[in-house]
Amino acid sequence: MWRRLRSALRRLRRSPATFFAGGGPLPAAMERAVVRCVPSEPKLSLRFVLPDGSARHMQRDQTEPLGRALARIATNAAKGHAKASKKSKKARAEGDPAGEASAVAPAVRLFSRDGEAVAEEVPNAVAWQDGAVLQIGESQYRVERNPPALTELQLPRSLLAGFPVCPKVSAEFAVPQHCLFRWYREQRPAAGGEEAAEGGDGPVWVEAAAERVFTPSNALVGLRLKLRCTPGDGAQRYGPCREVESSGPVEAGPGACTFDSRHLYTKKVCGEGSIRAVSYNILADTYAQTEFSRTVLYPYCAPYALELDYRQNLLKKELAGYSADLICLQEVDKSVFVDSLAPALDAFGLEGLFRIKEKQHEGLATFYRRDKFSLLTRHDIAFSEVLLSDPLHKELCDKLAKYPLVQEKVLQRSSVLQVSVLQSTTDPSRKICVANTHLYWHPKGGNIRLIQIAVALSHIKHVACDLYPSIPIIFCGDFNSTPSSGTYSFIKSGGIAEDHEEWGSNGEEERCNMLLSHPFKLLSACGEPAYTNYVGGFHGCLDYIFIDKNALEVEQVIPLPSHEEVTTHQALPSVSHPSDHIALICDLKWK
């Protein structure tokens, strides 16, 4: 069957012509017949408006012969004519036979782009090609097959002056990079409350920009925004536009932010052969929006600055300004990834991957710059799951079984590891293993973290040594471990002693002595800052970007905000910083 489809398709694919049935020229403007035909679906849809003004939406089997679809169109057209004639009082009064004639089905035919009639036995999936002409009686319709179409267009609920507004754009048969964007601002009322221009009751809109991401200036505070988007597919085909207005006006921004001075170092993307990496725990909304967070963890933070919409404004500006090639984020709410971060960073050339934690609403996200890297494979795991099921970890699992109390705690944890193998777009021989994790948080959970990191490094070894021999690794994350911890020592040195004090981090009852090792030579690219987490009751270094020092070297570390900047509003988060952690940023170079 599919061989016959392909054969028929080849007969139809000829060079475009400007003639249709009978050799006559195509009308300059025709009605549209929109066809949606997706190989993975059994039916195609056909939408058009009959000459009587009635809209038709048909669903037909893709393998059905064209003749049956045309016969159905003819029947619909005849019914439409009959209904239209019944509405004509004059026709009934004068006994005009047009009412009877209209019930006769009109001739319905489909012509290919070069003017040849398409045979009625050709399957629908092959017959309805872009540029074909559907003729219903005397009316002609140009067939548009799978035209670009918007399925979703949204603006953020919160708009701040000086912060980028990144729309969420979802489309079918189109990509945001090829869509057309036009931004409009409300026109301020003239003196006396009158609108400055003629118009109806609604606001007057003035064009402000023609770009995907728009940053409103302070002059627009108090005004709403409108976006008009026209979907495009990159092949000079455009679909119908849609418009969306902001739910509220642009508000004043917070002024100077902790990341402004850091952006001075990251104005441009790194050159060829270099990689700018970012690791950042962005504080999940599911943790920031609790009574405990507002009253105990962050009582010093203004309540509005803990709101998700406000923090997202800061976060998107901060991340976009780092011009990064790799971004590893922790504590990413699933909805934040889908509705906010992925669309925003996509506009800045970054592709996003998400891995949710087991039984949680937040997880990990890794973004990579599209024009520098392509994704080869993903190897994400949940620690508790692979410990029990993957033979790779059987030895560690057997050791852990001797300590049932600790084993139970390890298996209850929801922590995951995100592993992505990327390939350079300019030099395919260069591949890199990017790992991202967030280890168990409890201050007395050092023994749990040691087991989690042992599983992580064993899995990374399988990917970077067995599956892709000798590719370098970049391991980012919130390790919840200070430089004096056993976990940090294990990662850096390659081993942990059986009698290390961290095995008894939660008391003698839960001590679990083990001798562990890993083969990597890892370096903390950003060193050991005084702190990467600064809250009212604690500050310390918990976050790291570990690199394979045999293959990569550090070009520069972007300085962290000054202590004065961090403590301007007592601690983090604050009106000028969206998280309780600080992003680590460094430029790396292949050796």
For the chain, build the charge dipole from Cβ charges (+1 Lys, Arg; -1 Asp, Glu) around the Cα centre, then report which of L319, P343, V434 sits farthest towards its positive end. P343
Excluding I585 itself, what net charge comes from residues whose Cβ is under 10 Å from its Cβ, given Lys and Arg +1 and Asp and Glu -1? +1
Normalised contact order of region 259-590, rounded percent, pairs of Cα under 8 Å and 6 or more residues apart: 21
Within region 259-590, percent of DSSP bridges classed antiparallel, to nearest 5: 85
What does the net charge come to around P561 if you take all other residues with beta carbon closer than 10 Å to its beta carbon, with K and R at +1 and D and E at -1? -2
Under a straight-distance cross-link criterion of Cα-Cα below 13 Å, which aspartates and glutamates are reachable from K372, leaving out those fewer than 8 residues away in the same chain? E272, D325, E351, D427
Counting other Cβ atoms within 10 Å, keep those with at most 15, restrict to DSSP loop, and tell me which trypsin sites (Lys or Arg not before Pro) in region 378-435 are left. K402
Multiplying the sequence separation of A235 and L405 by 0.36 nm and subtracting their Cα-Cα distance, what value in nm do you get? 55.1 nm
Restricting to aspartates and glutamates and to Cα separations under 13 Å from K402, and discarding same-chain partners fewer than 8 apart, the set is E509, E510
All other residues with a Cβ under 13 Å from the Cβ of Y287 taken together, and with Lys, Arg as +1 and Asp, Glu as -1, what is their net charge? -4
As I understand it, the dipole of region 259-590 uses +1 on the Cβ of Lys and Arg and -1 on the Cβ of Asp and Glu, about the Cα centre. Which of T290, L584, N550 lies farthest toward its positive end? N550
So the label point goes 7 Å from the Cα of R157 along Cα→C-beta, right? Which residues of region 316-342 then have their backbone N under 16 Å from it? 333-341
Where does helix 446-461 land angle-wise versus the long Cα axis of the chain, in degrees 0 to 90, nearest 10? 60
Per residue of region 303-312, in order, report the coupling 6.51 cos²θ - 1.76 cosθ + 1.60 (Karplus, θ = phi - 60°) as ³J(HN,Hα) in whole Hz, putting x for Gly and Pro. x, 5, 6, 8, 5, 4, 4, 5, 5, 5
Excluding residues fewer than 8 positions from K226 in its own chain, the lysines with Cα under 22 Å of it are K168, K316, K317
Region 531-545 and region 137-185: distance between their alpha carbon centers, rounded to Å: 41
If you average the alpha carbon positions of region 195-261 and of region 308-342, how far apart do those two centres end up, in angstrom? 21
26 Å Cα-Cα threshold exceeded, pairs from K431/K461; K461/K492; K359/K549; K267/K357: K359/K549; K267/K357
Let me check against my output: what whole-number percent is the relative contact order of the chain, with C-alpha pairs under 8 Å and at least 6 apart? 11
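Rule-based calculations on the coordinates, nothing more; no lab input. All figures in this text were calculated on a predicted structure; none of them were measured in a lab. Reconstructed Cβ throughout: ideal geometry from the backbone, glycine too, with neighbour counts over all protein chains shown.
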